[in-house]
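Take a look at the structure below.
None of the figures in this text is laboratory data; all of them are computed from the coordinates on show. Just so we're clear, the structure is a prediction, and the values are computed from it rather than from any experiment. Quick reminder, even Gly has a Cβ in these numbers, built from the backbone with ideal geometry, and neighbours come from all protein chains shown.
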Amino acid sequence: MEGDDLQTAVADQRHELVASRALDSDADYDYAFQLQIQEAISASLSPSRPSASGPPPAPPADGASWVGDDEDGRSLATALMLEVLEEMERSAREHEDRAQCEAEFRRMRLDLDRRIHDQRFAAEVFGIPEEEWQDYGDFYHKPFEAGCSSSAPSSSSASSASGECFRVYVKGLVSEEWIKEEKVVVAGLGVAICDFKDNVIIEVKKPLINDILVGDLEAEIEALVQGLHAAVCLDLKRVNALIGDVRLYNYLTGIQSPGQSKITAPLNEATMLQKKLTYFGATLVGPNDTKYAYKLARDAIVSQISWSEETNDGKSLKETCVICFEDSSVTEMFSVEECLHRYCFSCMKRHVEAKLLDGVMIKCPHDGCNSEVKIDSCGGFLEPNVISIMSQRMKEASIAVTERVYCPFPRCSTLMSKHELLEYSKEVFVGAEHGGARKCMKCQFFFCVDCKVPWHYNMSCHEYQRSNPIAAAGDAQLKFLASMRLWRECVKCKNLVELAEGCYHITCRCGHEFCYTCGAEWKKKKATCSCPIWDERNIIREGGGRY
């Protein structure tokens with residue numbers, strides 16, 4: 001019997017049994033009512049003498065209904081039948097769910113075969129010589145047929161996907177989170193099965209009950225089991241698991257045997273699933289290199305720490321920020337891209353602005369986490385001008401001091417590296433590497449990278465510097481101020497350095513070491529000049545140059 005027909009039959013039978021039970025209940029009520037009427041009539045005819053028919057039967061002590069043994073048996077049979085029908089309904093639902101799951105896996109497997117067929121066909125077309133394609137390209141075709149490989153018909157077990165090795169990214173996470181000012185431990189797993197080009201085929205994310213899985217290792221093993229189970233359901237034959245836990249990798253490769261009984265059972269289950277594959281391999285990757293699976297595991301954890309709450313706009317999902325411990329909407333929670341730690345917009349805004357004032361790179365606020373906060377993801381809580389400053393700071397930090405070049409035009413002032421600027425200018429200037437002519441990558445104006453001025457077309461750098469010793473009024477004021485305050489210029493990066501206190505041995509931010517008095521270079525922590533190393537007036541406290 002099909003699943004739908006079985007469910008219909010069970011539902012009809014259940015309806016009839018419920019109706020029968022209702023009729024039995026009505027019959028019990030009528031019988032009790034008749035006994036009460038008989039007792040009242042007897043009492044009215046002989047008030048001093050009990051009825052000849054005797055008193056009515058006493059009600060059962062255990063509270064059973066006013067029915068005979070046959071009625072009791074019939075009620076018990078009806079109850080048992082209802083239990084059987086409920087079990088049949090449950091089995092029918094499970095059968096239907098299993099059929100739907102199998103149908104979905106078959107659809108996904110067919111789509112996978114079609115995708116691999118198309119990729120192979122595209123590779124074949126790409127390898128056809130141009131002359132042959134011009135003559136026969138219109139007639140070259142290879143339609144996809146279910147259950148056939150890209151080269152020749154075969155059985156469904158030898159379809160296109162059978163020869164490919166698929167990547168199974170697995171990740172299990174156990175994390176301490178806050179839910180309404182209460183710290184809880186939650187766990188989740190993520191699985192992503194990808195083809196050989198890293199295209200995602202199927203994703204699995206699942207919360208885990210932490211009473212059973214108390215550690216990261218148990219969560220990692222469960223993620224592997226779920227990933228292998230999905231691969232078997234997809235009828236994949238060759239699988240390579242990418243694992244970020246070194247302990248699980250050692251267990252799978254036989255380097256180490258499990259000594260804990262609580263992980264033996266899931267490891268055995270993983271081993272049984274591996275036997276259903278033609279090939280199984282394990283690759284150890286970095287903790288953050290499980291990419292897709294890591295995000296899925298975090299999503300599974302977030303689903304456990306958020307809750308629904310009534311608001312003026314209807315129901316809203318809430319989550320607790322672990323910095324301010326305030327309950328915020330999940331739409332106002334920021335997730336750091338690399339580590340996926342989550343904080344409310346307000347706390348992240350204060351964190352980013354504080355780091356910008358300190359002039360340092362923006363890192364995740366989580367203790368001990370060094371994940372970098374991406375600029376593109378901060379638009380939800382930062383003003384455009386702050387994002388612009390943040391972008392400039394991050395670009396400056398990514399370019400070495402000696403490689404930094406700023407466009408000399410005041411309305412542009414774009415920061416570039418010398419290398420990328422040279423490569424960009426080679427398209428305009430032949431032999432640009434032998435001269436100072438450059439083209440700005442943003443404003444497209446030409447300038448001299450050596451003189452740091454707009455390009456002097458009819459003069460060499462030497463001629464220009466002789467005729468223009470100080471190119472601009474601002475530069476003249478800066479040089480005058482530097483000479484008045486005894487600032488020194490680093491000969492390597494041309495930045496000005498001011499001695500606040502300490503000795504005359506200066507280490508510039510570009511790494512160049514020199515004497516503050518005469519500018520001579522220090523080599524191997526030793527001076528190459530005879531200038532005094534320090535002056536008593538400058539030895540106030542420990543420290544060096546400020547620049």
*Which distance in nm do the two modelled labels at L110 and M272 give, with both placed 7 Å along the Cα-to-Cβ direction?*
3.1
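For W534 and E89 in one chain, what is 0.36 nm times their gap in residues minus the Cα-Cα distance, to one decimal in nm?
Numbers: separation 445, 0.36 × 445 = 160.20 nm, distance 9.20 nm.
Net length gain for the segment: 151.0 nm.
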*Which whole-angstrom value gives the distance between the alpha carbon centres of segment 185-244 and segment 417-462?*
54
*Leaving out same-chain residues fewer than 8 places away, which lysines sit with a Cα under 19 Å from that of K197?*
K237, K291
_Extent along principal axes [Cα atoms of segment 328-404; Å; largest to smallest]_ = 45, 28, 19
_Extension gain (nm, one decimal) between A103 and H419, 0.36 nm per residue minus Cα-Cα_ = 108.2 nm
*So which trypsin sites (Lys or Arg not before Pro) in segment 225-281 are both in a DSSP loop and have at most 13 other Cβ atoms within 10 Å of their Cβ?*
K275
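How about segment 165-195: which chymotrypsin sites (Phe, Trp or Tyr not before Pro) there lie in a loop by DSSP and see at most 11 other Cβ atoms within 10 Å? Intermediate results must be reported in sequence, preceding the final value.
Working: sites: F166, Y169, W178; in loops: none.
Loop-located and lightly packed - none at all.
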*Calculate, for S371 and C443, the FRET efficiency according to 1/(1 + (r/R0)^6) with r their C-beta to C-beta distance and R0 30 Å; round to the nearest 0.05.*
0.30
*So how do E83, E536, E96 line up by other beta-carbon neighbours within 10 Å, fewest first?*
E536, E83, E96
*If you rank I255, I323 by fewest surrounding Cβ atoms within 10 Å, what's the result?*
I255, I323
_Let me check against my output: what whole-number percent is the relative contact order of segment 164-299, with C-alpha pairs under 8 Å and at least 6 apart?_
33
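Output the pairs from K183/K315; K418/K525; K363/K418; K206/K295; K206/K318 with a Cα-Cα distance over 22 Å in this structure; if there are none, say none.
Distance filter (> 22 Å) returns K183/K315; K418/K525; K363/K418.
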*Distance from a point 7 Å along Cα→Cβ of L284 to each backbone N in segment 223-252: keep the residues under 19 Å and list them by number.*
224, 240-252
_Base-10 log of normalised Debye intensity for segment 481-538 (one unit scatterer per alpha-carbon) at q = 0.13 Å⁻¹_ = -0.29
*asked:* My understanding is that a pair violates if its Cα-Cα distance is over 20 Å; which of K452/K492; K492/K524; K442/K479 do that in this structure?
replied: K442/K479
